[in-house]
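The block underneath contains the structure these notes are about, expressed in structure tokens.
The values are calculated or read from the model by the stated rules, or taken from the named source; none is laboratory data. None of the values given here were measured: they were computed from a predicted structure. Quick reminder, even Gly has a Cβ in these numbers, built from the backbone with ideal geometry, and neighbours come from all protein chains shown.
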């Protein structure tokens, strides 16, 4: 692929992630290492002149977001994993997490141990923003951007409107893991920091609230992909809601106190 103009580029190379990936029986239960390289093409001039991280791509945050997707999704194929990561990197920025629009991206994924050292399988894909048309769902609580879907999983950005609640609900047929992106959300009635993820097994009630005046977002991975009839509201008092064990994905993120 020949890029249509000479954008500036940010490269993150040599990222290592241990995750479930592959089609063999042992690959579905035992994490294995992946090696990940990404190259992001975007305009860096405003950041250069104004000196604000909001005008460039925070590579510490990007590392956490990509690691979260790989860990949460448990992809069958490298091809699916690479496509999902590219789709996420090319998403338009949300109001709570300002950054420049990435125009083009290159994603390389390798499985160093897959062939017992005889060879290293590696794939590289190149995508433009135009390769991913907007796929937006309007919800009572705000909006859902459908980032990527395959039979085994779905990746979504959920955007909660100001002063709005995503009501307490459970899922009967899918498992869910969610990564907080904005800094203003309440989870289970208490503040949660950006970069902190929680996994929700089936039947575990959970609730989000945006008490701020700015749209707030989180990244959601469902296994299998989202089933619209499987989001069931339940009547549980906010004070009785509990969190699962948190996992921190952003460098420097702090884990909020869990009740």
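Looking across the stretch 176-186 at every residue that is touching a residue at least 60 places away in the same chain (Cβ under 8 Å) and not in a loop (DSSP other than H, G, I, E, B), the one that is nearest to residue 62 (Cα to Cα) is identified as 179.
Filter the stretch 108-151 for residues that are closer than 17 Å to residue 178 by Cα and modelled with pLDDT under 95 and give the result.
First pass over the stretch 108-151, keeping only residues closer than 17 Å to residue 178 by Cα: 141-149.
Those that are closer than 17 Å to residue 178 by Cα and modelled with pLDDT under 95: none in the stretch 108-151.
For the stretch 16-34, the criterion of a residue being closer than 20 Å to residue 120 by Cβ, out of contact with any helix residue (DSSP H, G or I) (no Cβ under 8 Å at 6 or more places or on another chain) and assigned to a helix (DSSP H, G or I) is satisfied by at least one position.
A single member of 134, 167 is in a loop (DSSP other than H, G, I, E, B) and either surrounded by fewer than 20 Cβ atoms within 10 Å (Cβ to Cβ) or touching a strand residue (DSSP E or B) at 6+ places or on another chain (Cβ under 8 Å) (or both), and it is 134.
Which of the residues belonging to the stretch 96-121 are touching a helix residue (DSSP H, G or I) at 6+ places or on another chain (Cβ under 9 Å), without any contact (Cβ under 8 Å) to a residue 60 or more places away in the chain and farther than 28 Å from residue 46 by Cα?
Step one: filter the stretch 96-121 for residues touching a helix residue (DSSP H, G or I) at 6+ places or on another chain (Cβ under 9 Å), giving 97-111, 114, 121.
Now drop any that are not without any contact (Cβ under 8 Å) to a residue 60 or more places away in the chain, which leaves 98-101, 121.
Once the filter is applied, which keeps residues that are touching a helix residue (DSSP H, G or I) at 6+ places or on another chain (Cβ under 9 Å), without any contact (Cβ under 8 Å) to a residue 60 or more places away in the chain and farther than 28 Å from residue 46 by Cα, the stretch 96-121 yields only 121.
Looking across the stretch 189-219 at every residue that is part of a loop (DSSP other than H, G, I, E, B) and in contact with a helix residue (DSSP H, G or I) (Cβ under 7 Å, 6 or more places away or on another chain), the one that is surrounded by the fewest Cβ atoms within 10 Å (Cβ to Cβ) is identified as 189.
Which one of 99, 127 is part of a strand (DSSP E or B) and surrounded by 17 or more Cβ atoms within 10 Å (Cβ to Cβ)?
Values: 99 fails: part of a strand (DSSP E or B).
Only one candidate qualifies: 127.
Determine whether the stretch 26-36 contains at least one residue that is without any contact (Cβ under 8 Å) to a residue 60 or more places away in the chain and either outside the structural domain of residue 93 (by TED's automatic domain parsing) or at positive phi (or both). No; the residues of the stretch 26-36 include none that is without any contact (Cβ under 8 Å) to a residue 60 or more places away in the chain and either outside the structural domain of residue 93 (by TED's automatic domain parsing) or at positive phi (or both).
Somewhere in the stretch 44-55, is a residue touching a helix residue (DSSP H, G or I) at 6+ places or on another chain (Cβ under 7 Å), under 19 Å from residue 103 (Cβ atoms) and either crowded, with 17+ Cβ neighbours inside 10 Å or in the same structural domain as residue 152 (by TED's automatic domain parsing) (or both)? Yes, the stretch 44-55 contains at least one residue that is touching a helix residue (DSSP H, G or I) at 6+ places or on another chain (Cβ under 7 Å), under 19 Å from residue 103 (Cβ atoms) and either crowded, with 17+ Cβ neighbours inside 10 Å or in the same structural domain as residue 152 (by TED's automatic domain parsing) (or both).
Can we say residue 228 is surrounded by fewer than 18 Cβ atoms within 10 Å (Cβ to Cβ), more than 24 Å from residue 81 (Cβ to Cβ), outside the structural domain of residue 84 (by TED's automatic domain parsing) and at pLDDT 95 or above?
Values: surrounded by fewer than 18 Cβ atoms within 10 Å (Cβ to Cβ): yes; more than 24 Å from residue 81 (Cβ to Cβ): yes; outside the structural domain of residue 84 (by TED's automatic domain parsing): yes; at pLDDT 95 or above: no.
Here the answer is no, as residue 228 does not meet what is asked.
Residue 88 passes every criterion in (1) surrounded by fewer than 20 Cβ atoms within 10 Å (Cβ to Cβ); (2) closer than 17 Å to residue 132 by Cβ; (3) in contact with a strand residue (DSSP E or B) (Cβ under 8 Å, 6 or more places away or on another chain) apart from (1).
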